[in-house]
Each structure stands twice: as structure tokens, then as C-alpha cells.
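Visitor: There's a structure below that I have some questions on.
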Amino acid sequence: RNQEGVVYILDDPDTVVRKLRKAVTGTEFTLDCSTPSVSNLLNIGAGLLDCGRENFLRIISHVSSFSQLKEFIADLIISHFANVRRDFVTYRDRFQETRSLIAEGESQARDFAASNLDLFYKAFQLTI
């Protein structure tokens, strides 16, 4: 599947805008719900605002071009999922930091254990 045609929750704002700008909608502006691409945009907007399609059409009554519609939908997507993206990045970064701390701790523990093991072997005159 073409990944450029899919907007993901974790897409950064620039990617969301780019993908929506590339969405094929036709040349003559119409909010005809029978056109699949336009219908899809209207459904996304109505879903994000948790309103019906008719209410959404009233909300976007000021929109007079596909580029304005796409920009409006992009802004909705970006604002709706901003907290999810922010939290994901925060936890992802913390996970990487935690993995780094664990690796550092492992190394220190290994060095400490090796030193103590050497002392133990010497104290009891053992050989490895």
C-alpha cells in the first residue's frame, strides 16, 4: 500500500500537511459527498469533531477550495493527535534513555563483579 496515501496518528505535522496536500480531490471544487476522496475528507473532519457530516458541512461553509479544505482537515488531525504524538515521543525517548542506563549499569556491575571475583580467587588461591 502507498504510505503517502495514509495519514498515521504519529505522523509529524509537516508530514500530515504534505500527505493531505497530495490527496487527489479533483479540479473543480465541490463538496459532493458522492466523490470518494471528498467524502473521505468530510468523514475524517466530522469524525474528529464528533459531529455528523451535515454539521461538519456547516462548520466548513467558509471553505471555498480543496486546498482550504485539506488545510482545515490537516489542522484538525494535527491538533486532535498532538497529545498522543507528544506522549509517544516522550516515552520513546525515556525508553531509549532507560535502555542506555541499563547498559551502563550492566557494564559497571560486570566490572565490579569481575574485580570481586578476582579477589575471591586470590584469597582462596583458586585458578580459573
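Visitor: Within segment 1-82, list the GluC sites (Glu not before Pro) lying in a DSSP loop whose Cβ has at most 12 other Cβ atoms in a 10 Å radius.
Guide: Details: sites: GLU4, GLU28, GLU54, GLU71; in loops: GLU28.
Filter output for segment 1-82: GLU28.
Visitor: Follow-up. Return one whole number: the accessible area per residue of the chain in Å², for a 1.4 Å probe. Present the calculation step by step, with values, prior to reporting the outcome.
Guide: Numbers: 9300 Å² over 128 residues.
Dividing the accessible area of the chain by its residue count gives 73 Å².
Visitor: Right, here's the next one. Cross-link candidates for LYS70: which lysines have Cα within less than 29 Å, leaving aside residues fewer than 8 places away along the same chain?
Guide: LYS19, LYS22
Visitor: Report, in degrees rounded to the nearest 10, the 0 to 90 angle that the Cα long axis of helix 82-123 makes with the longest principal axis of the chain.
Guide: 10 degrees
Visitor: Continuing with this model, one more query. Tell me, what % of the accessible area of the chain is carbon and sulfur with a 1.4 angstrom probe? Don't skip to the end; give the middle numbers.
Guide: Numbers: 5090 of 9300 Å².
Roughly 55 percent of what the probe reaches on the chain is carbon or sulfur.
Visitor: Relative to the Cα centre, what is the charge dipole magnitude of the chain, using +1 at the beta carbon of each Lys and Arg, -1 at the beta carbon of each Asp and Glu, and rounding to the nearest 20 debye? Mind showing how you got there, number by number?
Guide: Details: 15 positive and 17 negative charges, 32 e Å.
Magnitude of the dipole: close to 160 debye.
Visitor: Something else now. For segment 1-122, what relative contact order do you get, as a whole percent, if you take Cα pairs closer than 8 Å and at least 6 residues apart?
Guide: Details: 63 pairs, mean separation 33.7, N = 122.
Once divided by the residue count of segment 1-122, the mean separation gives 28 percent.
Visitor: While we're here: So what are the chain's ellipsoid semi-axes, whole angstrom, largest first, if each one is the square root of 5 times an eigenvalue of the alpha-carbon gyration tensor? Display every interim value, and only then the final one.
Guide: Values: eigenvalues 698, 37, 20 Å².
They are 59, 14, 10 Å, listed largest first.
The values are calculated or read from the model by the stated rules, or taken from the named source; none is laboratory data. Because the structure is a prediction, the values reported are computed rather than measured. For neighbour counting, all protein chains shown are included, and Cβ atoms are generated from backbone atoms with ideal geometry for every residue, glycine included. Only protein heavy atoms, including side chains, enter the accessible area calculation; ligands, DNA and RNA are left aside. Shrake-Rupley method; radii C 1.70, N 1.55, O 1.52, S 1.80 Å.
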